[in-house]
Amino acid sequence: MKTRSNPRIRLLVLAVGLACASTAQADYFVRPYISLGGSVIDGYEKNGATQRSENFTSNQQAEVDLRSGTVRSFLQLTGPNAFAQSTGVFGERLTFNAAPSQSLGFSFDFDGAVQSAARDANLNSNLQIGVYASLYVHKISTGATYRNFDSVGGALVSDFKFLDFSNPTVSLNTSVMESLSGSFLTTANSPFSVDVFASLSIFVSPNGNPNTVTMDFMNTGKFGIQAAPGVTFTSDSGVFLTNPVTDVPEPESYALMAAGLLALGAYSRRSQCVEQVATTFNS
């Protein structure tokens, strides 16, 4: 397995053109996205439902829920052809009562399992298997939206990870447990507002290989916040992170630090746009 941090590697769904979609600044949105071959289900919804799931039978699922703060994905594909992707993305506007120079920390943890037989060495083609996750926090003045949150400049928090399981030479049965994080000091009096975004995408491109690949990320991706005691926040959705904000522990308490709050998006409404989804990654 190779872990990459190349900024050119973007979440597939967000790296493609969305010609029919609105460019209005996001307050909150949810988006479960599924692609299989040339078919796409895009459950994007802005300022509406806070939970949605999409699926192609039981072999491909994507679910996002703002209230529980989770994103879940599952994908099982047998080659030799087609391309499959299951993705969850969310965006939310949060307003904190923090005073200037107070630390706000954000995290996104994700875990799952990847299984595949070894690639057929007699085939001169790549069996591509990958996981991409990202965490971004922006000032609302940057105008970040679901279309550009991972490319517009000036992010307060910017962290992403690409895990490459392509071309296994032996049978693959791998567990994934990863974390993204970042923090910053507030620079303005209350209220202090930010737009937060997180994504988790799993994909398989057999490229002629007959393998059956299973990627089970139904255990969830988890979004967390850490802030000083007494700091509270509100969300535009009204349901995001309904549990209390985790206090920043004293130095002697770091060993007992809790994981943080759950939160990741959900989506509704199928998009009517026809999208061209990229199927290749840098090797």
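The values are calculated or read from the model by the stated rules, or taken from the named source; none is laboratory data. These numbers come from a predicted model, not from an experiment. Cβ sites come from the backbone with ideal geometry, for glycine too, and all protein chains shown count toward neighbours.
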* Scan of the stretch 187-222 for residues that are surrounded by fewer than 20 Cβ atoms within 10 Å (Cβ to Cβ), of a type in the set (Val, Ile, Thr) and in contact with a Leu (Cβ under 9 Å, 6 or more places away or on another chain), ordered by number -> Thr212, Thr214
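Does Thr187 satisfy the condition of being in contact with a Pro (Cβ under 7 Å, 6 or more places away or on another chain) and part of a loop (DSSP other than H, G, I, E, B)?
yes
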* Structure fact -> Across the stretch 39-98, the tally of residues that are of a type in the set (Lys, Arg) and within 30 Å of Asn189 (Cα to Cα) stands at 3
* Asked: Which one is farthest from the chain's Cα centre (by Cα) among residues in the stretch 42-57 that are surrounded by 17 or more Cβ atoms within 10 Å (Cβ to Cβ), of a type outside the set (Ser, Thr, Tyr) and not in a loop (DSSP other than H, G, I, E, B)?
  -> Phe56
* Check the stretch 109-125 and report whether any residue there is touching a residue at least 24 places away in the same chain (Cβ under 8 Å), surrounded by fewer than 23 Cβ atoms within 10 Å (Cβ to Cβ) and closer than 19 Å to Ser235 by Cα. => no
* Structure fact -> How many residues of the stretch 192-240 are on the phi > 0 side of the Ramachandran plot, small (Gly, Ala, Ser) and part of a strand (DSSP E or B)? The answer is 0
* **Number of the condition not met by Ala82 [criteria: (1) at pLDDT below 95; (2) buried (at least 24 other Cβ atoms within 10 Å of the Cβ); (3) over 30 Å from Thr232 (Cβ atoms); (4) not aromatic (Phe, Trp, Tyr)]** => (2)
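Please verify whether Ser73 is in a strand (DSSP E or B), under 15 Å from the mean Cα position of the chain (by Cα), at pLDDT 80 or above and surrounded by fewer than 22 Cβ atoms within 10 Å (Cβ to Cβ), treating the condition exactly as stated.
no
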